[in-house]
Every structure is written in structure tokens, then in C-alpha cells.
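The values are calculated or read from the model by the stated rules, or taken from the named source; none is laboratory data. Bear in mind that the values here come from a model prediction, so they are computed numbers and not experimental data. Note: ideal-geometry Cβ built from the backbone for every residue, glycine included; neighbour counts use all protein chains shown.
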């Protein structure tokens, strides 16, 4: 008894605090290990950079000879792009509806673009007329004509004013 | 009981003594209040989940998770495989029924106040099971690779992209790239048939063990 009391006297705060510290360290290491495993899983499942191929920049889409008529002409290509010719010349728009991403089609009778999903309509200048796509217009594209070739510039990155899914879908090549 | 069944049960009993071991499950008394319809919806949900697991395994024998193969393999299941139309139809409509039974089950639990302590963790595990049901529905929808599934997925991942800060990353993470393409089918397929079922079984076990330990809440 005396011996034990003497030991306790020497250590007024016995092993409890040390035990707490060890427990804390173990818990910290455990959390660290768990975090390492979880973050590795997330990193593994994130698509690698090489899988993220952007379709952007100048793309040759057609030939001037296809646009001989003076009236409005629409043309589809393997890209989310539409070409239009009217009195003012050639225009190009993205066919991705800025509401939820369906592909708009040109209605020759009504002279407007109509989205088959939720009935959004855009005039020949890409301006939104009705439907849930408001306030977004169809995205206009830059056009370059070299000789007979028509090229359209797909956006490569930031599209200020448009939702982020729209930007990601635009560079996905659809 | 016929002779051979009692012989068989005796043979099993002599070797593994199962009766004793399983008695907590087999000998639980079914009290009168448990026989009412309103206590059946959770069990009905589980029965439908078992139906989904079984029909899903059969469908996986023929399904091809690829852009070229997905729609064709499903058309093949529906039109060519013997009883394929039936298995696919059961898998399809049972998934709708699960949403119905889950919602009714949750409403009854809610209005009876059965979620209250000490059963609050049963409710929490149930909420995770509900979210799993939504995840199953979302991933299964794309696998047919038809117009409806494709656009529904485009809308779903587009919604995810609207989250602040992590939105765009999340959209790319879900799709496996910038668009809904081949990597998306593989992602959704593996989630639908392996990852989500594992989580489902885990949460179901937790849900059931807690119900067994605590019993069903008695009527008011």
C-alpha cells in the first residue's frame, strides 16, 4: 500500500491524460487513413485528363456551293451547329437549346427554331421568342469563309452568361 | 408431416442444430397489430427489391453496356429471348411499384410517429434506402440508351452541374467525360448492378436488425 501511494504521489496526474493523448492520436491516424482511402477512391473514379477531349476551335462544316440560294437555308452537320443564309449573309448558331440541352430544329413554315422538348422558340437571329429557354438566346458562332470552305468556331472554354452544363456540353462534341 | 421431410429436418438438425440458432428469427411472435395492412408496406418493398435483384440478374445475362450494344441487346431481350419480355417488364414495373410502396411506407411511419426515439436511426437508414432507390432509378434509366433515358441523364447531370463550386466537377465525374457517352453507360451500369446493390444490402441489414431489436411501434 505504501509503495503504491508513493508512486501516486510522484505522479499527481496519473496515466489518464497520457491515455487520452494516445486515444486522440489513434483517432487522428484512423481518420487520416480513412480519408486517404476515400480520397483515393474519388481520385480513381475521376475521369483522367486524357479522357477529357474538348471539341473546340475552328471546324470546317461545309462548302459555299451549298448556299447558292439567296433565301434562308439550314444545314446540319456532324456538330451541334446550324448554318443560316438570309439577306444579311451567313449566320451560325449552336443547336443546343439553352434551356435543358435538347437539339433545336428549324421550322420552315413558321421561320423559327423550335425545341422539341419544351417548346422554346428562337427567331432566325437566334433570339429567344418564347418558352422556358428565356432569357438565353441560341449561342451565335463565329464564321470564317476561306475560298469555298466554311468554318465555324466552336467555343473552347468560358461562355459568360450561360449555365455551366451548357459550356461542358458545347465542348463535348455532343 | 410426411416421413421424408421430418427425416430431412432431423438430418439437418443433427448436424448443424439450426433450430436453436435461428429461433430468435423463427419464433418471433406475430402479434395482432402486425397483421393489419398498414404494417405491410415495408415488407412489400423488400419483396419487390428481391424481385428486382432476381430479374436484374437474369437481364444482366444478355445486356451489353455499350453505345452500340445497349439498345440492341434490350430489343433482343424483349423480342428474342424466351420470356425476356416478361423478365424485363417485371424489372421495369416493379421499379415503379417500389417507389409507390416506399412512399406509402414512409408516410405511415411518419404519421404514426414511429420514427421517434429510440427508432430514429431506423428512420435515418430508411432515408438512405430511399436515396438508394432514387440512385437505382436514375442509373437504370440510362441503360436502355433510348431517347428518354439519354435526355433524362443529360438533364440529371446538368442539374448536378448547377451546384456551386463542385458542380462542374460533379457533372464530369458522373458522366466520365464532357458528354453522356460510352464512359457514362459503363459508370451507370457498374453502379446499378454492383455498387448500389452492395450499399442496398448493407442498409437493408442495418434497417432489419434495428427493427428486430426494437420491435414495431405499438399503436397509440
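Any residue at all in the range A:123-132 that's over 23 Å from residue B:160 (Cβ atoms), in a strand (DSSP E or B) and within 14 Å of chain B (Cβ to nearest Cβ)? Before the answer, list the steps.
So in the range A:123-132, the residues over 23 Å from residue B:160 (Cβ atoms) come out as A:123-131.
If we keep only those that are in a strand (DSSP E or B) as well, we get A:128-130.
Still in the running and within 14 Å of chain B (Cβ to nearest Cβ): none.
No: the range A:123-132 contains no residue that is over 23 Å from residue B:160 (Cβ atoms), in a strand (DSSP E or B) and within 14 Å of chain B (Cβ to nearest Cβ).
Restricting to helices (runs of 4 or more DSSP H) lying wholly in the range B:1-108: which have 1 or more residues that are touching a residue at least 12 places away in the same chain (Cβ under 8 Å), within 29 Å of residue B:129 (Cβ to Cβ) and out of contact with any strand residue (DSSP E or B) (no Cβ under 6 Å at 6 or more places or on another chain)? Let's see the steps before the verdict.
On the way: elements: B:3-16, B:18-26, B:41-60, B:70-79.
Filter on the range B:1-108 gives B:18-26, B:41-60, B:70-79.
The rows are residues; the columns are (1) over 21 Å from residue A:61 (Cα atoms); (2) touching a residue at least 40 places away in the same chain (Cβ under 8 Å).
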position: A:91; (1), (2): no, yes
position: A:106; (1), (2): no, no
position: A:124; (1), (2): no, yes
position: A:141; (1), (2): no, yes
position: A:160; (1), (2): yes, no
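Residue B:159: surrounded by 20 or more Cβ atoms within 10 Å (Cβ to Cβ) and more than 30 Å from residue B:44 (Cβ to Cβ), yes or no?
Numbers: surrounded by 20 or more Cβ atoms within 10 Å (Cβ to Cβ): no; more than 30 Å from residue B:44 (Cβ to Cβ): yes.
No; evaluated as a whole, the condition is false for this residue.
To keep it simple, each residue is scored yes or no on (1) touching a strand residue (DSSP E or B) at 6+ places or on another chain (Cβ under 7 Å); (2) touching a residue at least 40 places away in the same chain (Cβ under 8 Å); (3) away from chain A (no Cβ under 11 Å).
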site	(1), (2), (3)
B:154	no, no, no
B:179	no, no, no
B:185	no, yes, yes
B:188	no, yes, yes
B:191	no, yes, no
B:196	no, yes, yes
B:202	no, no, yes
Those residues of the range B:68-79 which are loosely packed, with under 14 Cβ neighbours inside 10 Å and touching a helix residue (DSSP H, G or I) at 6+ places or on another chain (Cβ under 8 Å), in sequence order: B:79
Being farther than 27 Å from residue A:160 by Cα and at pLDDT 75 or above, is that true of even one residue in the range A:82-104? no
Mind counting the residues in the range A:133-174 that are more than 14 Å from chain B (Cβ to nearest Cβ) and surrounded by fewer than 20 Cβ atoms within 10 Å (Cβ to Cβ)? 16
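Is it the case, given these coordinates, that residue B:140 is touching a residue at least 12 places away in the same chain (Cβ under 8 Å), buried (at least 20 other Cβ atoms within 10 Å of the Cβ), farther than 21 Å from residue B:63 by Cβ and more than 14 Å from chain A (Cβ to nearest Cβ)?
Working: touching a residue at least 12 places away in the same chain (Cβ under 8 Å): yes; buried (at least 20 other Cβ atoms within 10 Å of the Cβ): yes; farther than 21 Å from residue B:63 by Cβ: no; more than 14 Å from chain A (Cβ to nearest Cβ): yes.
The answer is no for residue B:140.
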Is there a residue being within 29 Å of residue B:93 (Cβ to Cβ), at pLDDT below 95 and in a loop (DSSP other than H, G, I, E, B) anywhere in the range B:157-174? no
Kindly indicate which of A:104, A:81 is within 14 Å of another protein chain (Cβ to nearest Cβ) and closer than 30 Å to residue B:160 by Cβ. A:104
